[in-house]
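Asks: Encoded as C-alpha cells, here's the structure I'll be asking about.
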Amino acid sequence: MKNRTQPSPLSLTLMWGLMCGLFIMMSPAAVAQDEDISTANASQRVGDDRWEWVVFIRAPEEVLKNIRCVEYKLHSTFTNPNRKVCRSADRKQPFALKANGWGTFDIPIRVTFKDGQTLSLKHTLSFDPSP
C-alpha cells in the first residue's frame with residue numbers, strides 16, 4: 001500500500017502544467033518510480049514461535065539505482081526500531097533488513113531517492129505457514 005504524506009514535486013509540476021495547458025516531457029524513470037515500487041518479505045521458522053525474516057523493496061533496476069536509502073520502522077518492542085538501509089547488496093532482496101521475532105505487524109517504510117524525493121509505503125510482515 002502506498003501512502004504519500006504530500007504530493008510530490010513531480011505531481012505538482014504535472015498538475016500545474018496541465019492547468020496551464022503546457023506539455024511537460026518527463027523521463028520514464030521519474031514517472032515510473034512511484035508505480036513500480038513494492039515491498040516483500042521472506043521468513044524461516046527457527047524455533048517454537050520464533051522466526052527469522054527479511055523485508056525488502058521490489059522495483060525495476062532503473063528505479064533501484066535511483067534509491068539512496070530505505071528506512072524501516074519496526075514495532076516499538078524492537079531495540080532501535082528505526083532502521084536505515086543505504087546499500088543494496090543483494091539483487092534478489094534489494095535494501096533488505098533482516099531481523100527475528102515471534103509476531104507479525106505493519107512496517108512503515110520510507111524510500112528516499114537520490115533527488116531528495118521520498119515515498120511512504122507500508123508492508124504487513126507475514127510468516128511462511130510451512131514448518
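Asks: Label-point separation (nm) for residue 78 and residue 46, each offset 7 Å from Cα along Cα-to-Cβ?
Replies: For residue 78 paired with residue 46, the spin-label model returns 1.3 nm.
Asks: How long is the gain from residue 98 to residue 118 if the chain were fully straight, where each residue apart is worth 0.36 nm and the alpha carbon distance is subtracted?
Replies: Numbers: separation 20, 0.36 × 20 = 7.20 nm, distance 2.22 nm.
Between residue 98 and residue 118, full extension yields 5.0 nm more.
Asks: Sticking with this structure for a sec: For segment 78-116, run through the trypsin sites (Lys or Arg not before Pro) and keep only the ones in DSSP coil with at most 11 other Cβ atoms within 10 Å of their Cβ.
Replies: Qualifying residues, ordered by number: 87, 91, 92, 114.
Read the figures in this text as sums done on the coordinates, not as results from a lab. From a predicted model like this one, the values you see are computed outputs, not experimental measurements. Glycine gets a Cβ as well: all are built from the backbone with ideal geometry, and neighbour counts include every protein chain shown.
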